[in-house]
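The structure under discussion appears below in the form of structure tokens.
The values are calculated or read from the model by the stated rules, or taken from the named source; none is laboratory data. What you see is a predicted model, and the numbers here were worked out from it, not measured in a lab. Note that we place each Cβ from the backbone using ideal geometry, even for glycine, and neighbour counts take in every protein chain shown.
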Amino acid sequence: MSDQESWPVKVFIYDISKGMARSLSRTFLGKHIEGVWHTGIVVYGEEFYFGGTGGIEACSPGGTVLGQPDSIVDLGNTQIPYEVFLGYLNDLSQSSFRPSCYHLLDHNCNTFSSELAQFLTGNDIPSYITALPGEVLSTPLGQMLKPWIDAMSVNPSGGHALFPAGNSPVSQNVPPTNTFLTETSSKQGTGAGSQPSGSQQQAAPTGATSQSPTGSQGSDSPGNLSVDSERESRELEPIIYQEERPSKKPYLDDLRDKLSAKEVSLVSDIYDYLETSSPSWSLCREHVQTIHTVIGDGRMGDQLRGQICVLLQDLVLIEDFIELLQNEPTKLIYSVLLHFKELTEKVQMSLLKVLTNCASFETGHRFLTDPEGEEQSNLKLLCPDVCVGGLLHEDQEVFSKASSLVYNLCRYQIPEDTQVEIGSAILECLQKDLPEITAYNLMTSLLQLMRSNEEMCDLAGVVGMNCSAHQKLSPRLRNLCEEAQTMTAL
């Protein structure tokens, strides 16, 4: 390696506030910030950077409208050949650093510089640059300005796009209106898409215990689970829905009358992402916004909306996608929960399967149930409107899907007030004659709640669990009923 040619690698650092951040930040943000940073990586005699209009661009060092950098940091040398570097940039330009993936705070020029620096030298750019977005958002003003920041981009003029064919300029990413038009407002556009067929399902991510349902159309069954009455805490297999995805070409053809060409292309990206075993690129917020558009517009019709939910079922099993949902500005899952009652029963059932898959592993469960943080918490809507509402729904299919969601939610710890609310609905359901699998899901969920909450034991003892009826359905239900009765007698 010592005989190979090497090139110096530097990061050029620009303060695009031109000193105003240093002077005014304490007044407006309540903390001192040295600058608002734009960076570019200088190597092979050129400066490379990422922007929200041109994507990956290049210019002569210091050749943008920003002029000369405020500071330069030497990152070391690289022995990676220029042709290999260009191939790497080309891959990035078609995946995680397309113009549409730009976000001023979460995925910006500094994200790109950090990626390039580590690829070339193994060293990162200074941490005070990558930590800046978190510092800004931690302030009240930062939170207040976030909706405007979400729609902004920085793209210094003076460079040229390296891959214009694959990275054509796009408009700014302004979040679409969360219309959630109800079916009563428009009955047109029911869609003529093909029935799902063809494609294989991808495995659950690290964190999902297993793919338990059997059959190509999905199942409510969590598999053959043994009940050990002497252990208060044990690992239960999750319920995960697996359905054949709608055939790609017919579905895209059906969407062309409803969506823009760009939005159809984004749905095509989702197919490509799911059908790649180990994709080297990630989806971005525009993909989520397109899913939001299809689900949220009642004029799409139940079929098109249900089919996008089949794709979403698979996406929420991927940890990287859950991270994207946590940060994207349209708050897809929160909006779905907020307008859940307005949707048709068919769409509700499709979304219950999405939520069940999301709750099947720890990262997705935490995303759905974490009560901390911002006011628009998923949990505030998930429990009363979806879980309890679904369990008490008169439609048996909705009720069955809700019992699967509750089963997955109760596999992990949920907040105490939520435990009582869900537990009360479970007890009400158990008073009825139920199919074996539904009774099993609900009784298992109830036992999980009783193990962590004495109030639930008292409530179950007072209300009753109809064990005399349920224990006749199967040996496993008899075991669960015996354990529950023992706990209420203590």
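Mind checking which residues of the range 1-52 are at pLDDT below 70 and closer than 19 Å to Ser113 by Cα? Answer for the range 1-52, where residues must be at pLDDT below 70 and closer than 19 Å to Ser113 by Cα: just Gly52. Put simply, of Thr438, Thr444 the only residue that is in contact (Cβ under 8 Å) with a residue 12 or more places away in the chain and within 25 Å of Leu343 (Cβ to Cβ) is Thr438.
A count restricted to the range 373-422 and to residues that are free of Cβ contacts under 8 Å to residues at least 12 places away in the same chain and buried (at least 20 other Cβ atoms within 10 Å of the Cβ) stands at 0.
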